[in-house]
Amino acid sequence: MSIAEQADLSPALVDATVDAGVRRITLSNPPANALSLAMLEALVGAVEDASSDRDTRVVVIAGATRIFSAGHDLKEITAHRNDPDRGRAFYEQLMARCGALMQAIVHLPKPVIAEVAGIATAAGCQLVANCDLVVASQDARFQTPGVDIGLFCSMPMVPLSRKVHRKHAMEMLLGGEPISAARAYEMGLVNRVVPAAELEIVTREMAQLIASKPAAIVKIGKEAFYAQAEMPLAEAYAYTARVMTENMLAAEAEEGIGAFVEKRKPRWPGP
């Protein structure tokens with residue numbers, strides 16, 4: 001049997017469904033939903049599909065098990081130490097694809113919500129922190145424990161240090177201890193903490209609310225949010241002034257402002 005034929009028979013690592021504008025991407029690599037190279041490739045493909053799909057307005061990323069994701073596949077990493085270069089080429093490829101996935105999510109012109117049940121550790125925590133919004137169950141736990149195994153969570157540090165206070169990020173990265181969903185909420189890593197039985201319901205409600213907004217304007221807003229966050233204050237104001245000027249001329253702004261003035265519901269242009 002060829003490699004291609006074997007791949008065709010392999011179970012899908014990612015499952016994606018679309019309903020009412022919400023695309024649900026489910027990590028399906030039990031038991032730990034490890035971010036192996038194959039899983040990263042599958043996720044990059046899923047994000048690319050979401051980007052090009054006109055019916056998708058919001059993306060939800062969830063885990064198929066009680067572990068959202070335990071991070072990179074350490075068995076896969078260990079196996080490549082037997083490569084002639086001790087795994088260097090593979091590790092470079094793995095980290096490059098991980099970085100590509102995270103950047104693809106940020107650059108996706110549609111909001112991404114992480115739905116976290118259970119555990120999100122290391123690169124799994126990185127994936128959560130990298131999403132635009134996070135809804136977590138009360139029993140969820142978040143951890144960057146690389147320091148405990150001699151592999152500092154340097155890439156998870158990138159979104160973590162941009163989403164929470166730097167001292168909180170350093171505490172997670174240097175201590176490696178798991179934090180509760182409640183603590184993650186206090187730190188700003190999580191938007192909402194809900195009972196496990198309500199997790200999917202609340203996430204969908206959030207997604208549907210955002211999906212009801214004009215897609216072109218949500219796209220403008222997400223892009224501008226991340227762009228201005230990396231700019232000095234004066235540059236950020238100059239940039240967002242240009243963005244708002246162009247936005248004022250958009251059909252959605254004309255309709256939305258007109259509807260507000262006329263005290264009626266807006267009739268948004270097509271997607």
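Bear in mind these aren't lab numbers, they're just calculated from the coordinates by the rules spelled out. Here the structure is a predicted model, which means the values were calculated and not measured. Here Cβ is always computed from backbone atoms with ideal geometry, including for glycine, and neighbour counts include all displayed protein chains.
Below is a table of values for the structure above.
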quantity	calculated
Subset of region 155-181 that is in a helix (DSSP H, G or I) and touching a strand residue (DSSP E or B) at 6+ places or on another chain (Cβ under 7 Å) - its residue that is surrounded by the fewest Cβ atoms within 10 Å (Cβ to Cβ)	181
Where residue 52 falls short, out of the listed (1) surrounded by fewer than 21 Cβ atoms within 10 Å (Cβ to Cβ); (2) touching a Pro at 6+ places or on another chain (Cβ under 9 Å); (3) over 16 Å from residue 191 (Cα atoms); (4) among the polar types (S, T, N, Q)	(2)
Qualifying position, being under 16 Å from residue 145 (Cβ atoms) and assigned to a helix (DSSP H, G or I), among 184, 197, 207	184
Residue 54 being touching a residue at least 60 places away in the same chain (Cβ under 8 Å) and more than 14 Å from the chain's Cα centre (by Cα)	yes
Residue 226 vs. criteria within 27 Å of residue 102 (Cα to Cα) and in contact (Cβ under 8 Å) with a residue 40 or more places away in the chain	yes
